[in-house]
């Protein structure tokens, strides 16, 4: 197995591109894929200040490292979700990464800032944990992005993530979600720009990138995500990918090229609170009466979550895990 | 396990409907599902004369039997594809079924009528066998339907078939195929009406229906279909269905409800020959100069297949099987 670029011994194969790489050229390949993605979807331009949401996992570290190597002005953002030991460990990984590279890091802990955590929010609002978690993170990301006047929020979603989400949305034909499943959402109606620069890299590649770059990341998955349907969507897509390498990329990029524009928000329920997302088709938004975030109802969904979860008796992780 | 209807001992469970049935009520359930489908998609009305394409497998026998039981005037159509022993056996099953029930059957043998068979057509035109087979069958179906002045051509595609085809079309976002993936295509531009009354029944249900009705069908799959991607699409969908019964039905019927109208033929290549399908967006068609079938080119794709395959030295099944 020889490196496609230098013909030296290769360390990793990328089957869907029918290519093998040595360590140095694999790292270069990953950076080039991100660079291409940034341009292709108007994600960022040289000089942009980017707020990188980091979890302690391979993807967020990989995207942060790559954006740094490409010369962007980056700032990490870590949200302490209060998911027991998992959150304690992930926070430590993030701090070690930022400190070791002398990169600026903002930390927001849900418990100390808002007096709740994800397991408790899940219990009191009867939302599945991933839903309570997503709502909380989106709110904090948006707020910190506005506060720091960053050009965009960066998340580490990779090709496998996006293909699995797309698969789930297609299986149920959730036309409103389909319409906004884009790797770049422009700043709109008070919401910051959101970008996913890793959509051309698979999770196997972001893991290999971290290993080859000597990045120490948290391998463990979030304990609340066990049973999450995305895991079975990934398995189903992997079946196809195994037989026809490139299927996953064709599925996701084919969607962006030929299908996403056919879906929009016009069919979605106008009474549903879409305060945590924005598209051109959104109804006119006004500031939430409690936090000032743009929303199409009086009180945004985050503040409604807060009303019920903040100050509630903490619920231990184990109790929620048993439930879902 | 008790029958949902009569509370007697149940023989079969239908997980996606959370229902169990005894033999009699399962047969009634299958007929009701077909009856509902016929109305829902304007497929057929009492008194319609239907040409049922039969292969010798469970699905085509089930649909023929059900349409008979619902009082339609049916006529079977069997196309001899020349796929070695498989075709010999399937033809015998079809003849036995029709004779045993005293139902009219039309037989068209590709070799004796057109001097070619599917393996040979596949070899000389370098089409995959399923493509050469599909093109041949569509031509014969259309021709016999026009000739006999039937109201529609019936095929036995079940829910699993349609969901797998949809899955394949979505994985590659084949927007033109998506636009015409409907269980009923109206008569248009000289093409007969085409209906798929089994789309509310899974393949496990059509098999059980045949067993309970004492219908002897060919279990063996077509030997040319081995390696066909639909088999892996079915496996991937079954993974999801196993975890969440009803996913497959939600996927297919959600598509028909919320998505199919978003796709059309306007994006398809206008130079591509669409002579074997028709939709409202098709370009204006004129008769094929050789066979008179509607086509958007001078010679329809069937006649072009014929030019190359008819009279060519027969290619044995085994040779094609090795190739694909």
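General observations
- Efficiency of FRET between residue A:115 and residue B:187 - r from beta-carbon atoms, R0 60 angstrom, step 0.05: 0.35
- Using 0.36 nm per residue and subtracting the Cα-Cα separation, the extra length available between residue B:131 and residue B:149 on full extension is 3.8 nm.
- Each of A:63, B:165 has some number of other Cβ atoms within 10 Å of its Cβ, and from fewest to most they run B:165, A:63.
- The stretch B:1-93: relative contact order as a whole-number percent, Cα under 8 Å and 6+ apart: 19
- Note on residue A:1 and residue A:211: with the Förster distance fixed at 22 Å, the Cβ-Cβ geometry gives a FRET efficiency of about 0.80.
- Contact order relative to length of chain B, as percent, for alpha carbon pairs under 8 angstrom and 6 or more apart: 21
- Exposure proxy order (Cβ contacts within 10 Å, fewest to most) of B:263, B:61: B:263, B:61
- The stretch B:46-323: C-alpha gyration tensor shape, a/c 1.5 cut-off, then a/b vs b/c: rounded
- Pair-distance distribution of the protein assembly as shown: all C-alpha pairs, bin width 10 Å, starting at 0; shares per bin in whole percent are 3, 13, 21, 22, 16, 14, 9, 2, 0.
- Relative exposure of B:303, B:133, judged by other C-beta atoms within 10 Å (fewest first): B:303, B:133
- Shortest-first nm distances, residue A:13 label point to equivalent points in other copies (7 Å, Cα→Cβ): 4.2
- Between helix B:23-40 and chain B: long-axis angle, C-alpha atoms, 0 to 90°, nearest 10: 50
- Relative contact order for the stretch B:101-191, counting Cα pairs under 8 Å that sit 6 or more residues apart, in percent: 13
- Extension gain (nm, one decimal) between residue A:45 and residue A:310, 0.36 nm per residue minus Cα-Cα: 91.5 nm
- Just checking the listed ones, A:87, A:244, A:122: in the Gaussian network model of chain A with Cα springs under 10 Å, the one fluctuating most is A:244.
Just so you know, all these numbers are worked out from the coordinates, no wet-lab data involved. These numbers come from a predicted model, not from an experiment. Using ideal geometry, Cβ is built from the backbone for each residue, glycine included, and neighbour counts are taken over all protein chains shown.
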